[in-house]
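The values are calculated or read from the model by the stated rules, or taken from the named source; none is laboratory data. Everything numeric here is computed off the predicted structure, so don't read it as measured data. Cβ sites come from the backbone with ideal geometry, for glycine too, and all protein chains shown count toward neighbours. Quick note on the areas: whole protein, heavy atoms, side chains included, nothing else; ligands and nucleic acids left out. Shrake-Rupley method; radii C 1.70, N 1.55, O 1.52, S 1.80 Å.
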Amino acid sequence: MKKILQYFPSFDYGGIETFILNINKGLCKECQFTYLVEKDINEENKKKIDEYGGKIIRIPNMTKQNPIKHILAIKKVFKENNYDVVHIHNCDLRFWVAFFAKMYKVPIRIYHIHSAKIERHSNIKKIFFNINIKLSTAVLACSKHAANEMLKDKAEKAIVVNNPIDVKSFIYNEEYRKNIRSELNIDDDTIAIGNVARLEEVKNQYFLIDVLENMLQKNIKAKLILVGEGSLKEKLKDIAKEKGIEDNFICMGKRSDTNKIYSAFDVFCLPSEAEGLGIVLIEAQANGLNCIASKNITEETNITGKINYIDIKKQNIVEWAEKIEEKSKTRYEAIKKIYEKGYDISDVEKVMLKIYNGGEKLEIN
């Protein structure tokens, strides 16, 4: 059985975590995953990891505790364990995992790009990112767009791996719709605008609040539903209150049943400033939702031809509002197209097992 170390410091709810857990579930008979983390993992994910035969190693947090203890703890992990693979996810400020993996002769060292933008500490992150790349034997990217943005002229060296979903679980369900809309007090003639994402600057939920305000000013019945957690949660609530639209603004927080919640939406919106791919757009399309997305998001996501990409400049708020009203009236069948594009978990499991078994050499220096 392959011993694989997965490194993603803050393992909570999100696209990267979902990716790792989905692969762990599918490959639990061939691989044992060990999760190297810096913060406590929530109970729901702990239960899944245990169910899939995984292990968890908690190390000191680099930013909140002693950085030297953090680095020495990582060294100890590699010294005491013989891993076949180390799989590092979006850790631009940490290169020592890859460094120690190479020092202790881990044969397959993967750096996985899940984003198309280095958000903070740009210069330092770029340096550390490049070190990670040079220490890796393979680089994966969630999309061609992410590879192009992050690797530039070396993008062809990356292996594009789809972020998988369990396609069947996202199929539209009338019962889910009724139950969740009842829970949220949304009547049948109110447009439910959905957004599933971290509540952070890069996800740009501020823009959706402005769009909602515009619709309500035109007496269009609408509610905005945000699913996710983040540092901006209270600020977003305050903005909605200041605008006097708090009754039409719903923050659902972290939810483990997002596959069901999509059925309650009438349209899905993603106004992000940057995305590696935007797997939530794949999920929304699997549910048959029309989507409105930022032009900053790659059109690789447009599997069904039902996504409208619009600028997120202030002058485009009216256009977003009009498109939401127009597209909220219909749903469609998209499952076959999602399968054909290789986004089902079963297809991606096969790709990842092949990579874990042999890896791909990356000569990027």
* Some residue of the stretch 239-254 being modelled with pLDDT under 95 and part of a loop (DSSP other than H, G, I, E, B) -> yes
* Structure fact -> Of Y52, Y83, Y7, Y13, the only residue that is closer than 27 Å to M150 by Cα, in contact with a strand residue (DSSP E or B) (Cβ under 8 Å, 6 or more places away or on another chain) and surrounded by 18 or more Cβ atoms within 10 Å (Cβ to Cβ) is Y7
* Structure fact -> Scanning the stretch 1-55 residue by residue, the ones that are more than 24 Å from V196 (Cα to Cα) and basic (K, R) total 4
* Out of the stretch 31-61, which residues are part of a loop (DSSP other than H, G, I, E, B) and touching a Leu at 6+ places or on another chain (Cβ under 8 Å)? -> Y52, I59
* Structure fact -> Being in contact (Cβ under 8 Å) with a residue 60 or more places away in the chain, open to solvent by 10 Å² or more (accessible area, probe 1.4 Å) and under 25 Å from E174 (Cβ atoms) narrows E273, E333, E325 down to just E325
* Structure fact -> In the stretch 217-249, anything buried (at least 18 other Cβ atoms within 10 Å of the Cβ) and either within 21 Å of K329 (Cα to Cα) or among the acidic types (D, E) (or both) is listed as A222, K223, L224, I225, L226, E229, N248, F249
* Asked: Out of K168, K178, K152, which single residue is at pLDDT 95 or above, of a type in the set (K, R) and surrounded by fewer than 17 Cβ atoms within 10 Å (Cβ to Cβ)?
  -> K178
* Would you check if there is a residue in the stretch 137-145 being open to solvent by 30 Å² or more (accessible area, probe 1.4 Å) and over 18 Å from the mean Cα position of the chain (by Cα)? => no
* Scan the stretch 28-40 residue by residue and report those that are touching a helix residue (DSSP H, G or I) at 6+ places or on another chain (Cβ under 7 Å) and surrounded by fewer than 21 Cβ atoms within 10 Å (Cβ to Cβ). => E30
* **Checking Y206 against (1) over 20 Å from the mean Cα position of the chain (by Cα); (2) open to solvent by 10 Å² or more (accessible area, probe 1.4 Å), the condition it does not meet** => (1)
* Take the residues of the stretch 177-200 that are small (G, A, S) and under 18 Å from G230 (Cβ atoms): which is nearest to the chain's Cα centre (by Cα)? -> A197
* To do: Only residues that are within 20 Å of the chain's Cα centre (by Cα) and open to solvent by less than 20 Å² (accessible area, probe 1.4 Å): list them for the stretch 305-315, please.
  => I307
* Tell me which of these V160 doesn't satisfy, since it passes every other one: (1) more than 24 Å from D347 (Cβ to Cβ); (2) out of contact with any Leu (no Cβ under 7 Å at 6 or more places or on another chain). => (1)
* Structure fact -> Checked the stretch 255-314 for anything within 21 Å of R177 (Cα to Cα), assigned to a loop (DSSP other than H, G, I, E, B) and modelled with pLDDT of 95 or more; matches are F265, D266, N287, G288, L289, N290
* Asked: Can you pull out the helices (runs of 4 or more DSSP H) entirely within the stretch 96-181 that have at least 1 residues that are among the charged types (D, E, K, R) and within 22 Å of V280 (Cα to Cα)?
  -> 144-151
* Structure fact -> Looking across the stretch 62-71 at residues that are part of a helix (DSSP H, G or I) and open to solvent by less than 100 Å² (accessible area, probe 1.4 Å), the single one that is nearest to R109 (Cα to Cα) is I71
* Look at E213 and say whether it is surrounded by 19 or more Cβ atoms within 10 Å (Cβ to Cβ), acidic (D, E) and over 21 Å from E174 (Cβ atoms). => yes
